[in-house]
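Asks: One structure is given below, represented as structure tokens, and several questions about it will come after.
The values are calculated or read from the model by the stated rules, or taken from the named source; none is laboratory data. These numbers were taken from a predicted model, which means no experiment stands behind them. Note that we place each Cβ from the backbone using ideal geometry, even for glycine, and neighbour counts take in every protein chain shown.
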Amino acid sequence: MALKLADYRTHVFNDWCPGCGNFGILASLQMALADLELQPSRVAIFSGIGCHGKTPHFVNAYGIHTLHGRVLPFATGAKLANPELEVIVHGGDGDGLGIGAAHFVNTGRRNMDMTYIIHDNGVYGLTKGQASPTLKLGVKTKALPKPNINEGINPVTLALVTGYTFIARSYCYDVVHLKETIKKAIKHKGMALVVVQQWCPTYNDINTKEWYNGEDRIDPATGKPVPRLYRLEETGYDGIVHNPDETIPKTLAALAKAYEWGDRIPIGVFYQNEFVSTYQERISQRIADYPGYPPAKQVIADEHGKPVTGIRKLLDELKVTG
Amino acid sequence: MGDDFIWMAGGPQGSGVDTSANIFARACCYGGLHVYGKREYSSNIKGMHSYFQIRVSPKEIGAIVDRVNLLCTFDAESVVRHAWEVAPGGGIICDTEVLGTKISGIPSLPSPFFEEFNKTLDEKGIHPETVGDLLSEVKKSNVRIYAVPYLELLKEIGKEIGEEQLSKITRMINVLTLGVSFGIVNYEQKYVDKAINMIFGKKPKIISMNLLALNKAYDYARKNFKDAGFDLKSVETNEERIFLQGTQAVALGKLAGGCRIQTYYPITPAADESEYLEEKQVFEPEGNMPAGAIIVMQTEDEIAAITMATGAALTGVRSATSTSGPGFSLMAEGLGWAGINEVPVVINYYQRGAPSTGLPTRHGQDDLRFAIHASHGEFPRIVLCSGDIEECFYDAARAFNYAEHYQTPVIHLIDKALANSNKSYKMFDPGRVRIDRGQLLTAADISGKTYQRFEFTDSGISPRLPIGTPGAIFWYTGDEHNESGHITEEPMMRTRMVAKRMKKLETADREIPVEERVNFFGDEDASVTVVSWGSPKGAILEAMDMLRKDGQKINFLQVRIPHPLPKDYIEKVLNKAAKKIAIEGNYSGQLAGIIREKTGIPMDYFILKWNGRPMSADEIYKALLLITQDKAQTRQVLTGGS
Ligand SMILES: Cc1ncc(C[n+]2csc(CCOP(=O)(O)OP(=O)(O)O)c2C)c(N)n1
Ligand code: SF4
Ligand SMILES: [Mg+2]
């Protein structure tokens, strides 16, 4: 029986604020899963703590709502033990780039075959609107007593220098673009990052729907707003590494694009490189049976509870008499 | 010389103390002797003092004692630090060069050392200026001094092997002094050769070089120190024995127990375990099963280590992480997530001197209460403490059974003394390991049924299904949740869920047999009862033997599972004792406090030690003796060890 969008929904009451950008992200995710017809029981959706963290509860797939900042290692452990799982990680900008920044960096260099979606709303939504690590210097969102005193982290540039092999940006309101981007990320072989520009109508009164739409920038010729977001693909930009020699030039080109912000914000795939070995491949080089007989599938005892791990050789190595 | 013989090698870190001790110990093992080795090192890579004490006996031994029979020194500092530890009739091997060294001029000796050292000298009324002066004083208590011209001998050896470079040949000081040691005790050379071959493994050039150096030094000692008065004799044995350190025993137990994912962030003394596991990652097939392998992941920090192991455990794999105090402190929040989500994850926790960085390479037993209480909130956990290296093996395997059966984190407490001690044992029996996976379901078990991960049951244990299993969907969350794993803040559900989880601790308390939770040694009807946990076990047992020889009756309750505490059993034993004594490697008597909390029974005496060194059989014996003679203070603080 073909899987339908409804098969990926739960009956859990959704308590996000009206107009929250998370709704678009959730819908795009469910559409992507349905398009790819991924069996819900093969999918594991992990999330951190924050408004975004509730995402798995709304998706009919195995859902794991973890700790603030720690979602990546939780997900890594599961993927490592059972590589057959389709692991999708949802994180907040505070979650992944503040408290969890060490994991953001180190997950990149492992290049596990997973998808990581950051809900970038510029604020700590669930704790009532403090500045998140992506909020730019000097910006004062609604709940801040004073303008932001720190410079913002750019997750795209950070990902480029920490080993992510698929790096894209999308927008919570453009559900088709986001859905397609998530699908690309899922299909990508390696660690994929999708940064989603997300509105938080309750606390981020700067990067609003109207701001992204460019409603403050009316084109005198057409009398219409000039949107801030533009699609990389439409400019002829190609971030895909087609042969290993392109790795550095494409990284540099992507970095240049990643620095664009303000009046022109690119969305789409900045960089993709499938020539880098995945963690799974690296493990398989050491453990030939890993793909077919991963940790989660290994039999450890016979029916009487007798261990089946052959440690006799190891004990023999320690032998001194007899 | 009695039954046992104690050899000690001391020198700067990085100068091969460990290698020479390893060779010494192995050579003794090969000759059928039993060995117990204690390694002491500082938090430094090169230069600071380290030493290795090897106790050898025809009988099995489980502890150190405060005595050295033959001290083998690489440098002046080692002579100064350990000279007084040599027992009458013993000997000290040193370089002729160091005799003229001024004691006050040894740069690596810190001022607190001199405070103690000068006190000893004042008591003895002596004032040695040089190492030679000191040795002359030591000689008066019937200790022989074997001064050997290290450099001269090494140069001769260098010539023979065609190596003139000084820095290369001085690297062989350890083998040189080893050769002198074996020559003095007149030990059979074939065992020493075998040990050298084993330690230097696949490097024939290095083997032949070292063998040459060793034999030369051996002959030198035989020729010059004939009248040594020691004879270390091999003994016949058919017993199959292994020689290993605590971290290896834990690693092997985990493998036998089916651990397939291990995460860790490097920390002393836990990291040895993970490195060993990684090296031995792929196993031999057993029977007609495929081989299998463990994945060892070095993480970015301990927070990642615990959360990654937990994420892995959700898929049904047995997973663990291994750390010591600073790492476990970071794991607290992750531990709570595993607790509220009922995840079987094992933490092998190697205690060391604490708090904070504390004594990073030294022994301590300060973390029992922390292991029991770490993380906010209330959730069940099981804490398991090994008392010796063999227990480390079986406990490491068993920890997973508790974790899976009760679906909750298990903390396996070990300590530095166990981690870094070496001991010979009768071959372990992997056949004794049993695997109990608890209520672990498969797709077939739930087919046609609605499955809820946190279903309410009488025991508190809900049948568990790995994520990814076809035919079901459920959720995990660190928020309070309902039976299917969705967030809830409803007061009734909260009340029931907390109680359900805590129920598992009661179930564990009821189900785990007392034999797995305590060891009882000694005379049932003794009026003196010692209560302890962890590595003091070996020293306590030896001290009890000494007391028995004095005609004292005594028994010893070793607590192996302090949480949940087998309180009825402990109460029964303690109620029979007129003198109740807690022996612990911490300041406050943590186990004693827990026992008092759970049973209302206070201890009468405390023997405590927190100076970073393990307890010796002698110091426990002396402390217990004072108690039996009614001459002891309530608290006796042990300070032995250098
Ligand atoms: C260790 C820890 N510290 C603090 C918190 C409180 N906390 C909950 S959500 C949150 C911030 C969430 O911000 P973000 O990750 O951007 O997610 P959003 O709510 O914006 O989706 C914080 C600080 C926590 N849950 N855990
Ligand atoms: S606070 Fe912001 S991010 Fe959170 S639910 Fe409300 S709108 Fe969404
Ligand atoms: Mg946020």
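Asks: Given region B:244-327, what strands (runs of 3 or more DSSP E) lie entirely inside it while holding 3 or more residues that are surrounded by 24 or more Cβ atoms within 10 Å (Cβ to Cβ)?
Replies: So the answer is B:259-264, B:318-324.
Asks: Further question on the same structure: Name the residue that is farthest from the other protein chains (Cβ to nearest Cβ), counting only residues in region A:11-51 that are in contact with an Asp or Glu (Cβ under 7 Å, 6 or more places away or on another chain) and either under 19 Å from A:ASN121 (Cα atoms) or within 13 Å of ligand 2 (Cβ to nearest atom) (or both).
Replies: Only one residue tops the list, namely A:GLY50.
Asks: Applying the selection to region A:143-173, what residues are touching a helix residue (DSSP H, G or I) at 6+ places or on another chain (Cβ under 8 Å), over 20 Å from A:ASP238 (Cα atoms) and not in a helix (DSSP H, G or I)?
Replies: Residues satisfying the conditions are A:ILE153, A:ASN154, A:CYS172, A:TYR173.
Asks: What's the total number of residues in region A:31-50 that are part of a helix (DSSP H, G or I), crowded, with 23+ Cβ neighbours inside 10 Å and touching a strand residue (DSSP E or B) at 6+ places or on another chain (Cβ under 7 Å)?
Replies: Selection size over region A:31-50: 1.
Asks: Which condition from (1) of a type in the set (A, V, I, L, M, F, W, C); (2) under 20 Å from A:TRP199 (Cβ atoms); (3) more than 16 Å from ligand 3 (Cβ to nearest atom) is the one that A:ILE25 breaks?
Replies: (3)
Asks: Tell me, yes or no, whether region A:103-117 has at least one residue that is within 16 Å of ligand 1 (Cβ to nearest atom) and assigned to a strand (DSSP E or B).
Replies: Yes, region A:103-117 has at least one match.
Asks: In region A:56-75, what residues are more than 7 Å from chain B (Cβ to nearest Cβ) and either more than 9 Å from ligand 1 (Cβ to nearest atom) or more than 14 Å from the chain's Cα centre (by Cα) (or both)?
Replies: A:PHE58, A:VAL59, A:HIS68, A:VAL71, A:LEU72
Asks: Turning to a different aspect of this structure: Given (1) of a type outside the set (Gly, Ala, Ser); (2) at the interface with chain A (Cβ under 10 Å from one of its Cβ atoms); (3) under 30 Å from A:ASP15 (Cα atoms); (4) out of contact with any Lys or Arg (no Cβ under 8 Å at 6 or more places or on another chain), where does B:GLN452 come up short, assuming only one miss?
Replies: Tallying (1) of a type outside the set (Gly, Ala, Ser); (2) at the interface with chain A (Cβ under 10 Å from one of its Cβ atoms); (3) under 30 Å from A:ASP15 (Cα atoms); (4) out of contact with any Lys or Arg (no Cβ under 8 Å at 6 or more places or on another chain), B:GLN452 fails exactly one: (2).
Asks: Give just the number: which of (1) at pLDDT 95 or above; (2) touching a helix residue (DSSP H, G or I) at 6+ places or on another chain (Cβ under 7 Å); (3) surrounded by fewer than 22 Cβ atoms within 10 Å (Cβ to Cβ); (4) part of a helix (DSSP H, G or I) does B:ASP133 not satisfy?
Replies: For B:ASP133, the exception is condition (2).
Asks: Any residue in region B:51-68 that's closer than 13 Å to B:PRO614 by Cβ and in contact (Cβ under 8 Å) with a residue 40 or more places away in the chain: show its pairings with residues that are in a strand (DSSP E or B) and of a type in the set (A, V, I, L, M) at Cβ separation under 8 Å, as long as the two are six or more apart or on different chains.
Replies: From residues that are closer than 13 Å to B:PRO614 by Cβ and in contact (Cβ under 8 Å) with a residue 40 or more places away in the chain, the pairs are B:GLN53/B:ILE6; B:GLN53/B:MET8; B:GLN53/B:VAL68; B:ARG55/B:ILE6; B:ARG55/B:VAL35; B:VAL65/B:ILE6.
Asks: A follow-up question, please. Using beta carbons and a limit of 6 Å, which pairs, at least six apart or on different chains, have the first residue in region B:510-533 and on the phi < 0 side of the Ramachandran plot and the second one small (Gly, Ala, Ser) and surrounded by 15 or more Cβ atoms within 10 Å (Cβ to Cβ)?
Replies: Hits for this filter: B:THR529/B:ALA577; B:VAL531/B:ALA582.
Asks: In region A:85-94, is there at least one residue being within 13 Å of ligand 1 (Cβ to nearest atom) and free of Cβ contacts under 8 Å to residues at least 40 places away in the same chain?
Replies: no
Residue-by-condition table, conditions (1) in a helix (DSSP H, G or I); (2) over 19 Å from A:VAL195 (Cβ atoms):
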| position | (1), (2) |
| --- | --- |
| A:THR222 | no, yes |
| A:HIS242 | no, yes |
| A:ILE267 | no, no |
| A:SER284 | yes, yes |
| A:LEU314 | yes, yes |
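Asks: Here's a follow-up. Among the listed residues B:ILE126, B:ILE61, B:ILE54, which satisfies the condition of being among the hydrophobic types (A, V, I, L, M, F, W, C), assigned to a loop (DSSP other than H, G, I, E, B) and within 28 Å of B:PRO536 (Cα to Cα)?
Replies: Answer to the selection: B:ILE61.
Asks: Here's another thing I want to ask about it. So for region A:126-138 (the condition being without any contact (Cβ under 8 Å) to a residue 60 or more places away in the chain, part of a helix (DSSP H, G or I) and away from ligand 3 (no atom under 14 Å from the Cβ)), does at least one residue qualify?
Replies: Checking region A:126-138: not a single residue is without any contact (Cβ under 8 Å) to a residue 60 or more places away in the chain, part of a helix (DSSP H, G or I) and away from ligand 3 (no atom under 14 Å from the Cβ).
Asks: Which residues, counting only those in region B:64-97, are in contact with a Pro (Cβ under 8 Å, 6 or more places away or on another chain) and at pLDDT below 95?
Replies: B:ILE64
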